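A short reminder: the numbers here are calculations on the coordinates, not readings from a lab. Values in this document were obtained by computation on a predicted structure and should not be read as measured data. Here the Cβ is made from the backbone with ideal geometry for all residues, glycine too, and neighbour counts use every protein chain on show.
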Amino acid sequence: MPTKEQVLDSLEPVLVPATKRSVVGMNLVRDVNVSDGRVDITLASTGLVQGALDWISDRAKEAIKRISGVREVVVQYTDAKAKDLNRVDSVLAVMSGKGGVGKSLVSGLVAVALRRQGYEVGILDADITGPSIPRMFGLKVSPTGNESGLMPVTSKSGIEVMSINLLLPSEDEAVVWRGPLIARAITQFWEEVLWGKLDYLIVDLPPGTADAPLTVMQQIPISGLIVVSTPQDLTTMVVRKAVKMAREMDKQILGVVENMSYLYVPEIDKKIEIFGKSRGEEMAHAAGAPLLGKLPIDPELARLCDEGDIERYDSAVYDSFTHDLTKALAAGKKGASDKKKGGRGVRA
């Protein structure tokens, strides 16, 4: 007799049209019953338009009928809220008290690095008034959905993205909202978008320490923070405010990235520190976290971001950054696990 595991395995190739991820990966499979050669499967209809419902149902039946011993397949749908279906293992927020330091760039690079390692990754663009993630990834398709949830848009390499720019009539449309509306939009991106099963969700925070970052830290279970800075003394002063905010909110800082650290001129084989002497180690010490990398001003990276091809970026510096990022995430998970065990011991 067919088993439930066989049925779930057969559904892995059945993709949700809007995201190009499987119904299993999007956590839409709610129930599977197998009896006397009949398979009854219940799927969540969250975020699915009518055409997608019919398409998924037909593909699911075809896939399950290929299992030996299956003579009949019945597919039905049930309502479910997106937040009840989402299973995100780790939420990483990229922050800096200062604007213009490259938080979105670092968010994109972190997401690409993790995706290349085979993880399921999403990006929540919380910079409501200055969103740039869709442009970096070349995304122009509007999200689809229904009253129970909204589907994220998927990048070329399979990174899920939700940004206010994907919902606007044009990407240069201004979002003129007060703080409470911005905070509400961020909360909706977390609760009403169907992220499904993700290993990592990267949250690209806006600058400052006011409403938007506060909303993220209070409403979203942040696993750790990555702090972005640049060499200027003015920037490091403002970034220290963000570090203090993170500590006051009891959020773990996983690492520090110094962006625009230098410009490498290959013709003379020299690094030029355009914005002054590096302060990366100083910022890492202040944050009590490792320095994940000193990212240069790279014309090739700028070009790829402008063309929507950040996922094609590669360099020796980026490889080193990826290596250090992976180490920091592993250390962060171990630290969180140890803290949780310690907490249980105290309560016991």
E191-Q50 pseudo-label distance in nm [points 7 Å out on the Cα-to-Cβ vector]:
3.0
Once the piece of chain linking E282 and V175 is laid out straight, how much longer is it, given 0.36 nm per residue of separation minus the C-alpha distance between them?
34.9 nm
Non-local amide H neighbours of V16 (under 5 Å, H modeled in plane, Pro and chain starts lacking H): which ones?
R21, S22, V23
Computed label-point distance, nm, for sites I272 and R87 using a 7 Å Cα→Cβ extension:
5.2
Sequence order, the stretch 253-262: Karplus ³J(HN,Hα) from phi using 6.51 cos²θ - 1.76 cosθ + 1.60, θ = phi - 60°, Hz rounded, Gly and Pro as x, gives 8, 7, x, 10, 10, 9, 9, 6, 5, 6
Please list, in order along the stretch 47-57, the HN-Hα scalar couplings obtained from phi with the Karplus expression 6.51 cos²θ - 1.76 cosθ + 1.60 (θ = phi - 60°), rounded to whole Hz, x for Gly and Pro.
x, 9, 7, 4, x, 5, 4, 5, 5, 5, 4
How about the stretch 38-97: which trypsin sites (Lys or Arg not before Pro) there are in a DSSP loop, with at most 15 other Cβ atoms within 10 Å of their Cβ?
R66, R71, K81
Checking a compactness column here: for the stretch 4-80, what do you get for Rg(Cα) / (2.2 N^0.38 Å), N being the number of residues?
1.00
Dipole of the chain, positive direction: furthest Cα of G138, T46, Q6, with charges on the beta-carbon
Q6
What residue among S315, I272, V110 has its Cα farthest toward the positive end of the dipole of the chain, where the charges are +1 on Lys, Arg and -1 on Asp, Glu, each on the Cβ?
V110
How far is helix 103-116 tilted off the main Cα axis of the chain, in degrees rounded to 10, range 0 to 90?
50
Relative to the longest principal axis of the chain, what angle (0 to 90°, nearest 10) does the C-alpha long axis of helix 233-248 take?
50
For a quick check: with amide H placed at 1.01 Å from N, whose amide H comes under 5 Å from N27's, ignoring anything fewer than 5 positions away on the same chain?
K197
At a Förster radius of 22 Å, what calculated FRET efficiency corresponds to the Cβ-Cβ distance of D211 and L234, to the nearest 0.05?
0.40
For the chain, how big is the tail of P(r) above 33 Å, as a whole percent of Cα pairs?
34
Take peptides 102-110, 286-294, 300-308, 166-174 and line them up by average Cβ neighbours within 10 Å, highest first, as a rough protection proxy.
102-110, 286-294, 300-308, 166-174
Using modelled amide H (1.01 Å from N, peptide plane; none on Pro or chain starts), what sits under 5 Å from the amide H of V73, excluding residues fewer than 5 places away?
V39
Quick check on the chain: helices-only [θ] at 222 nm, where DSSP H runs of length 4 and up contribute -39,500 (n - 2.57) each and the sum goes over total residues. Nearest 500, please.
-12000 deg cm²/dmol
Working out 0.36 nm times the residue gap between D306 and S320, then minus their Cα-Cα distance, what length gain in nm do you get to one decimal?
2.7 nm
Any chance you could check the Cα centroid distance between the stretch 45-99 and the stretch 254-298 for me, in angstrom?
42
So how much slack lies between Q252 and N146, counting 0.36 nm per residue of separation and subtracting their Cα-Cα distance, in nm?
34.6 nm
Derived scalar couplings ³J(HN,Hα) [the stretch 67-80; Karplus, 6.51 cos²θ - 1.76 cosθ + 1.60; whole Hz; x for Gly, Pro]
6, 4, x, 8, 10, 8, 10, 10, 10, 9, 10, 9, 7, 7
